[in-house]
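Contents: one structure, followed by commentary.
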Amino acid sequence: MSFLDQLSPHPEGHSAGRAGWLRAAVLGSNDGLVSVASLMVGLAAAGTSTSTVVTGGLAALSAGAMAMAAGEYVSVSSQVDVEVADRAKETRELAEDPEAELAELTAIYEARGVPGPLALQVAKALHEADPLEAHLRDELGQSEQSAARPLQAALASASSFLTGGLVPFLGLLATGTTARLWLIVAVTLCGLAVAGLLAARVAGTPLLRPTLRVVVGGALAMAVTAAVGQLAHASGI
């Protein structure tokens, strides 16, 4: 629970604390659905056998999940490095010139509309309590809720990629190349719609626009891949 939640007579259901893993989960599920489905659609459009489509899909599923996990971990770890460096810099500046840091914090509150004397009073009170946390929060925008968590992001991304990437395999239940191709597309679009709805619901945003964005983007990706597969098949590559 945040400090503001403790002061509030009713619980505040903000989404900031979910931002890190939610972004990774949404990205992972969308990538799993779109990349695996696009590869399978491209292979099916090229007239390859069912075993080839399955092999290609499984390869994309495993490679994509590992790539997503590694990419998220490295990316978010870089963010942690920045946060650590900022903390060290603020610690050094507070030790070297606390008066200048107090003036800086006062100016921040004044810029936000707090009257000068009150801004100075607030800044002094926060400096007496925990000056480092005050500067990290109000000067740099760092907080416990928004802190980068590499392992959490990596696990969320990989697991959601696997979950999303399994959906296109339902399309293989159809018999015949054309039916299989369209069923892969259909189940993937349904999966994208569900992923978009869930992401919007968890984030607390309106449902329609995020869902349409996810579905349209995935449909375009599959259309391009299917066209490439058909061109490759027609040219005999």
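Below, the figures for the structure above:
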| item | result |
| --- | --- |
| Residue check, A111 modelled with pLDDT under 85 and over 18 Å from R87 (Cα atoms) | no |
| Of the criteria (1) within 27 Å of A148 (Cβ to Cβ); (2) loosely packed, with under 14 Cβ neighbours inside 10 Å, which one E104 fails | (2) |
| Any hit, region 61-82, residues being touching a Leu at 6+ places or on another chain (Cβ under 6 Å) and of a type in the set (A, V, I, L, M) | yes |
| Residue check, T205 more than 28 Å from A46 (Cα to Cα) and polar (S, T, N, Q) | yes |
| Entirely in region 130-226, the helices (runs of 4 or more DSSP H) that have 2 or more residues that are among the polar types (S, T, N, Q) and either open to solvent by 60 Å² or more (accessible area, probe 1.4 Å) or at pLDDT 85 or above (or both) | 150-166, 177-203 |
| Tally, over region 184-236, of residues that are without any contact (Cβ under 8 Å) to a residue 12 or more places away in the chain and of a type in the set (D, E, K, R) | 2 |
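For (1) part of a helix (DSSP H, G or I); (2) free of Cβ contacts under 8 Å to residues at least 40 places away in the same chain; (3) farther than 30 Å from A227 by Cβ, each residue gets a yes or a no:
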position: T48; (1), (2), (3): no, yes, no
position: V54; (1), (2), (3): yes, no, no
position: L58; (1), (2), (3): yes, yes, no
position: G64; (1), (2), (3): yes, no, no
position: A69; (1), (2), (3): yes, no, yes
position: V76; (1), (2), (3): yes, no, yes
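The values are calculated or read from the model by the stated rules, or taken from the named source; none is laboratory data. Since we're looking at a predicted model, the values are computed, not measured. Heads up, the Cβs are rebuilt from the backbone with ideal geometry, glycines too, and the neighbour counts pull from every protein chain shown. Each accessible area value is taken on the protein alone, full model and side chains, heavy atoms only, with ligands, DNA and RNA left out. Shrake-Rupley method; radii C 1.70, N 1.55, O 1.52, S 1.80 Å.
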